[in-house]
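Each remark here refers to the structure printed beneath this line.
The values are calculated or read from the model by the stated rules, or taken from the named source; none is laboratory data. In this text, all values refer to a predicted model and were calculated from it rather than measured experimentally. We place every Cβ from the backbone using ideal geometry, glycine too, and count neighbours over all the protein chains shown. Calculation scope for accessible area: heavy atoms of the full protein, side chains included, ligands and nucleic acids excluded. Shrake-Rupley method; radii C 1.70, N 1.55, O 1.52, S 1.80 Å.
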Amino acid sequence: MQKPVFRSGGTRKLIFSKASQSDGYFEGDIAASTTLLKALVEPLEIIRDLKLLRPLGSKFGEQKMMRLESWRSQRSLRNIQKNIGSLKQLYAGLSNIIEQTENTRIQEKFDQIFKQIDIMQNPIESSIETKEGFQEIKKLSETIKTLHALLENAVNNQGIHLGFNSRDGD
């Protein structure tokens, strides 16, 4: 199996130069790049919407602790930390092609997320029931939302537009 090769050129800085496969899975280098970059950007929505905001409910007092992932084993926060860590590793492989100022802001946002997770009362299954914990989770979701926007902007600046995803409801 051939490893993907990135190349720079024109308005599209990140594209696979050898994206064709024998099974014809990708129509071209942009399609392959889009698939890879969606794997980086879309999970942030899932973490924010399903793993954080859904259990919080619309306001304090409406939390649904049992909607937290792995709530019985009290591993919800650890799972989120691992998910974000995996996305940071994936991003690290792409960061050298992102403009330096954007790259710095993205790296800082990843670091901010880890700091927020570190100060949260663990397990999150306990902290979700307190006003302070509720607010910490809300702040974490906002930081993830900002990281999502930064990554999406960086991807767009590469000339790749992710378009809709399966969660858009279209």
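Quick look at the numbers
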{"item": "From Arg54, Arg12, Arg72, residue being exposed (fewer than 14 other Cβ atoms within 10 Å of the Cβ), of a type outside the set (Phe, Trp, Tyr) and at pLDDT below 90", "result": "Arg72"}
{"item": "Neighbours by Cβ (under 8 Å, 6+ apart or cross-chain): first from region 74-93, more than 17 Å from Lys138 (Cα to Cα) and in contact (Cβ under 8 Å) with a residue 40 or more places away in the chain; second open to solvent by 60 Å² or more (accessible area, probe 1.4 Å) and acidic (Asp, Glu)", "result": "Arg75/Glu69"}
{"item": "Residue satisfying condition, being closer than 22 Å to Glu69 by Cα and touching a residue at least 60 places away in the same chain (Cβ under 8 Å), within set Lys138, Lys115", "result": "Lys138"}
